[in-house]
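The values are calculated or read from the model by the stated rules, or taken from the named source; none is laboratory data. Worth saying up front: this structure is predicted, and the values here are computed from it rather than measured. Cβ sites come from the backbone with ideal geometry, for glycine too, and all protein chains shown count toward neighbours. Surface areas here come from the heavy atoms of the whole protein model, side chains and all, with no ligands, DNA or RNA. Shrake-Rupley method; radii C 1.70, N 1.55, O 1.52, S 1.80 Å.
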Amino acid sequence: PTGPAARGGLLPGDEFVEVDGVRFDDGKATPDDVAVVVRGPEGSKVGVVVERAGKTVDFILTREPIKITSVRSYLGDKPGVGKVGVVRIKSFSGTTAETVKSELEGLKKKGATRLVLDLRGNPGGLLPG
C-alpha cells in the first residue's frame with residue numbers, strides 16, 4: 001500500500017462516506033461509483049470522508065497516477081524438481097504480455113528450470129494479439 005490514498009492516511013477497511021460533497025452512505029453505492037468521483041486530474045485535490053471504527057475521519061488527498069500490478073513472479077525450490085519459476089497473472093491488460101515476458105526472462109536468469117503460469121481467479125481482460 002504505497003499509493004496516494006495510503007500516503008494520505010487512508011487505511012484498509014475505511015468505508016467511503018463522502019467524496020467531494022457526493023454522499024455514498026445510502027447503501028446503494030458501488031466501488032465503481034466511488035471511483036468515478038475520486039478520479040480526476042493529476043495534482044488536483046479531493047476531499048474524502050471515511051468511516052473508521054465507528055468514527056468519521058476527513059482527508060484531503062492529492063490525485064496521482066496509480067499503477068495496478070497485475071503480474072507478479074517468484075522463484076521456488078522444489079525437492080526432486082529444482083527451481084520453479086511462478087508467474088501469477090491477476091488480470092490481462094495492454095501491458096501484460098510484455099510484463100510476463102520480462103518476468104519469465106528474470107526467472108530464467110535466476111536459474112528457473114521449470115515455469116508455471118498461475119491464472120487462478122483471473123477474470124480475463126484485454127489481451128492484444
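Relative to the first principal axis of the alpha-carbon coordinates of the chain, what is the inclination of helix 96-109, with its axis defined by its Cα atoms, in degrees from 0 to 90 and to the nearest 10?
50 degrees
Would you mind calculating the relative contact order of segment 2-129 from Cα pairs under 8 angstrom and at least 6 residues apart, reporting the percent as a whole number?
On the way: 191 pairs, mean separation 24.8, N = 128.
Over segment 2-129, the number comes to 19 percent.
Sequence neighbours fewer than 8 away in the same chain don't count; with that in mind, list the lysines whose C-alpha is under 18 Å from Lys78.
Output for Lys78: Lys108, Lys109, Lys110.
Please give the contour-minus-distance gain from Lys83 to Arg39: 0.36 nm per residue of separation, less the Cα-Cα distance, rounded to one decimal in nm. Before the final figure, lay out the partial values.
Values: separation 44, 0.36 × 44 = 15.84 nm, distance 4.23 nm.
Going from the current span to full extension adds 11.6 nm.
Got a sec? Which residues in segment 55-93 would a label at Ala29 touch, if it sits 7 Å along Cα→Cβ and we count backbone N under 20 Å?
55-64
Spin-label point model (7 Å from Cα, Cβ direction): what's the Asp58 to Leu119 distance in nm?
Spacing of the two 7 Å Cα→Cβ label points: 5.0 nm.
Run the accessible area of segment 6-68 with a 1.4 Å probe and give the carbon-and-sulfur part as a rounded percent. Write down the numbers at each step before the final one.
On the way: 2480 of 4510 Å².
C and S atoms contribute 55 percent here.
If you roll a 1.4 angstrom probe over the protein chains with everything in place, what fraction of the accessible area of segment 78-129 belongs to carbon and sulfur, to the nearest %? Intermediate results must be reported in sequence, preceding the final value.
Values: 2040 of 3570 Å².
Of the solvent-accessible surface of segment 78-129, carbon and sulfur hold 57 percent.
Dipole of segment 56-129 (Lys/Arg Cβ +1, Asp/Glu Cβ -1, origin at the Cα centre): which of Val86, Gly125, Thr99 lies farthest to the positive side?
Value: Val86.
Treating the beta-carbon of each Lys and Arg as +1 and of each Asp and Glu as -1, no other charges, what is the dipole magnitude of segment 17-90 about its Cα centre, to the nearest 20 debye? All intermediate terms of the calculation are to be shown ahead of the outcome.
Details: 13 positive and 11 negative charges, 122 e Å.
Charge dipole of segment 17-90: 580 debye, to the nearest 20.
Where the only charges are on Cβ atoms (+1 Lys, Arg; -1 Asp, Glu), what is the dipole of the chain about its Cα centre, to the nearest 20 debye?
On the way: 20 positive and 17 negative charges, 198 e Å.
In total the dipole reaches around 940 debye.
Compute the semi-axes of the equivalent ellipsoid of the chain, taking the square root of 5 times each eigenvalue of the Cα gyration tensor, and list them largest first in whole Å.
The three semi-axes for the chain are 39, 16, 14 Å.
What accessible area per residue comes out for segment 37-122, rounded to a whole number of Å², with a 1.4 Å probe? List each step's numbers first, then the result.
On the way: 5920 Å² over 86 residues.
Ligands and nucleic acids excluded, the result is 69 Å² per residue.
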